[in-house]
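Q: Please see the structure below; I have some questions.
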Amino acid sequence: MQNLIRFILKYHFILLFVLIQSLSLTLMFQHNYYQKSLAVNTVRNIKGYINGRIFSFREYLKLRELNEKLLNENYQLRNQLMNSYLSVVAEPFSEFDSVYSKQYSYIAAKIVSNSVNKQLNYITIDKGGIHGVEPEMGIVSSEGIVGIVKGVSNHYSTVIPVININLRISARIKDSGYFGSLFWDGKNPVRASLVDIPHHAKMNTGDKVITSGYSAIFPEGIKIGTITGYEIYGGNFYNATVELSTDFRNLSHVYVIKNHFREEQIELENTIQHD
């Protein structure tokens, strides 16, 4: 109590000033419409700003849950795509029915480790053998092709991405249909080279590059990138620069592609090669 009295005696002029100022403002806002509306609007704006920041913070906390939901939805949609199915009859059918057998299925995964500044870049994902992941499975994202599974443990897998100098992908120019080999030269993580396209093929900057479907790893038609320039080398073939559709510097969620007919295809191809 003595401390309170001592505080009041010490600061009584300041306290008196604050009291009188508060009463004056109260009387002014109560009896003057303009000042009252100005005060109400100011308080409303401050309250709205604070509530907006609180809402944004809550939304930020929900981003992880939202990303999980979107990942699961994309996973389900990818498993329903027509290029995930293979016709098992001789005649073509226009309807999606029992004459199609599912060739590709997708496993959703998160990236737990990623490198982009090396020539031998690698990615680690949080899905492994117990989830059905095996070596030589393709990896894609919502933006396009990512790479191929290299090694698998029970809970994790390592992936060779497109931006690894040891990886080559069979690629096709979407409009013209000509195909070649896509590889990375170890320099820019946003660009790769497409080679072995014959010089008589029609090629333009802006052409889309997709997977050819000529391997047992990737379905046909998955985005790879866009041609930004090209030149003829060796007199007979194009060397095209491809801007990759996947941003490997900002990659968090991917899908593992399982080809249910892969072993059958490889076994047949090996039989032909040994004949």
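Q: Only residues in the stretch 119-138 that are free of Cβ contacts under 8 Å to residues at least 40 places away in the same chain count as the first member; pair them with residues that are part of a loop (DSSP other than H, G, I, E, B) and hydroxyl-bearing (S, T, Y), Cβ under 9 angstrom, at least 6 apart or cross-chain, and list the lot.
A: Cβ pairs passing all conditions: T124/Y156; D126/Y156; G128/S153; G128/Y156; G129/S153.
Q: Can you tell me which residues in the stretch 106-125 are modelled with pLDDT under 90 and charged (D, E, K, R)?
A: Within the stretch 106-125, K110 is the sole residue that qualifies.
Q: Oh, and also: Within the group K187, K110, which residue is over 20 Å from the mean Cα position of the chain (by Cα) and either of a type in the set (K, R) or outside the structural domain of S252 (by TED's automatic domain parsing) (or both)?
A: K187
Q: Among the residues of the stretch 232-248, is any in a helix (DSSP H, G or I) and of a type outside the set (G, A, S)?
A: yes
Q: Let me ask something additional. Looking at D207, D247, can you tell me which residue is over 15 Å from S176 (Cα atoms) and among the acidic types (D, E)?
A: On inspection, the qualifying residue turns out to be D247.
Q: Can you tell me how many residues in the stretch 135-178 are part of a loop (DSSP other than H, G, I, E, B), closer than 15 Å to S113 by Cα and within 16 Å of the chain's Cα centre (by Cα)?
A: 1
Q: OK, next. For the stretch 226-234, does any single residue satisfy the condition of being surrounded by 19 or more Cβ atoms within 10 Å (Cβ to Cβ), within 17 Å of the chain's Cα centre (by Cα) and of a type in the set (A, V, I, L, M)?
A: Scanning the stretch 226-234, I find no residue that is surrounded by 19 or more Cβ atoms within 10 Å (Cβ to Cβ), within 17 Å of the chain's Cα centre (by Cα) and of a type in the set (A, V, I, L, M), so the answer is no.
Q: Answer yes if at least one residue in the stretch 187-206 is among the β-branched types (V, I, T) and not in a loop (DSSP other than H, G, I, E, B), and no otherwise.
A: yes
Q: Taking the stretch 181-195 only, how many residues are in contact (Cβ under 8 Å) with a residue 40 or more places away in the chain and surrounded by 15 or more Cβ atoms within 10 Å (Cβ to Cβ)?
A: Of the residues in that region, 8 qualify.
Q: Which residues, counting only those in the stretch 148-180, are of a type in the set (D, E, K, R) and over 16 Å from E243 (Cβ atoms)?
A: Once the filter is applied, which keeps residues that are of a type in the set (D, E, K, R) and over 16 Å from E243 (Cβ atoms), the stretch 148-180 yields K150, R168, R172, D175.
Q: Could I ask something else about it? Just for the stretch 235-275: of the residues that are over 20 Å from I139 (Cα atoms) and among the hydroxyl-bearing types (S, T, Y), which one is surrounded by the most Cβ atoms within 10 Å (Cβ to Cβ)?
A: Ranking the qualifying residues of the stretch 235-275, first place goes to Y238.
The values are calculated or read from the model by the stated rules, or taken from the named source; none is laboratory data. For clarity, every value in this text was computed on a predicted model and none was experimentally measured. So basically every Cβ, Gly included, is an ideal-geometry build from the backbone, and we count neighbours across all protein chains shown.
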